[in-house]
Amino acid sequence: MHRTVADPRFVDLNLDPSDRELGSMYGDPKAANTAAGGLARFVTVRSWLSTWSVDHTHADALTDLRNVTTPTMVMSLLGDQAAFAEDSRLMYDALAGTHNELIEMRNLNHYLVDQPDGLSDVVGRLVAWIRRTVLEEVSA
């Protein structure tokens, strides 16, 4: 399956603005689209459609999150070239229940590549949220 790096946001930073760099997490989108390896390069059409197609998948976060009533945190890495800020904001807005939080982490990229402090920053924010939200609710 080629052309899996075809999102226009990879080549236009004005679409869904964030801290991300131009290109995809695999580098230049043109090169990534024609490379021998890549995201789901060796799959059947059925499995590709089940995973990625808006029309054929059985997963729909924006619909399914309406049923989540437990405290939920959505964390967005604003330097991410694969998971976009607007998608995280839409998921947060779709959440039901209370004690939900959207945490946007500036400049951090997908897999925290070459960002040695990124993991501790992400884990620190996650632990603080768990202590503040989940543990307080359990002890109440």
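Distance between the modelled labels on Asp7 and Asp19, one decimal in nanometres: 1.7 nm (7 Å Cα→Cβ projection). Taking all protein chains into account, the per residue accessible area for the range 53-140 stands at 65 Å² (1.4 Å probe). Between Leu102 and Leu62, the modelled label-to-label distance comes to 1.3 nm, taking each label 7 Å out from Cα in the direction of the beta carbon. In the chain, the longest principal axis of the Cα atoms and the axis of helix 118-129 are about 30 degrees apart. For Glu104, nonlocal amide neighbours, meaning residues 5 or more places apart or on other chains whose placed amide H falls under 5 Å from its own, are Ser76. Neighbours of His58, meaning other residues whose beta-carbon lies under 14 angstrom from its beta-carbon, give a summed charge of -2 when Lys and Arg score +1 and Asp and Glu score -1. The convex hull of the Cα atoms of the range 3-140, projected and averaged over all directions, covers 9.8 nm². With a Förster radius of 35 Å applied to the C-beta separation of Asn33 and Ala128, the computed FRET efficiency comes to 0.35.
Per residue of the chain, the DSSP helices (runs of n ≥ 4 H) give a summed -39500 (n - 2.57) that works out to -8000 deg cm²/dmol at 222 nm. Straightening the chain between Thr51 and Ser139 buys 27.8 nm, computed as 0.36 nm per residue apart minus the Cα-Cα spacing.
Does the range 46-98 classify as rounded, prolate or oblate by the C-alpha gyration tensor (a ≥ b ≥ c root eigenvalues; a/c under 1.5 gives rounded; else a/b over b/c gives prolate, otherwise oblate)? Verdict is oblate for the range 46-98. Counting protein heavy atoms only, the chain has 57 percent of its accessible area on carbon and sulfur, 1.4 angstrom probe. Rounded to the nearest 20, the Cβ-based charge dipole of the range 3-100 about its Cα centre (Lys and Arg +1, Asp and Glu -1) stands at 340 debye.
The values are calculated or read from the model by the stated rules, or taken from the named source; none is laboratory data. This is a predicted model, so every value here is computed, not measured. All Cβ positions, glycine included, derive from the backbone under ideal geometry; neighbour counts span all protein chains shown. The accessibility values were calculated without ligands, DNA or RNA, using every heavy atom of the protein model including side chains. Shrake-Rupley method; radii C 1.70, N 1.55, O 1.52, S 1.80 Å.
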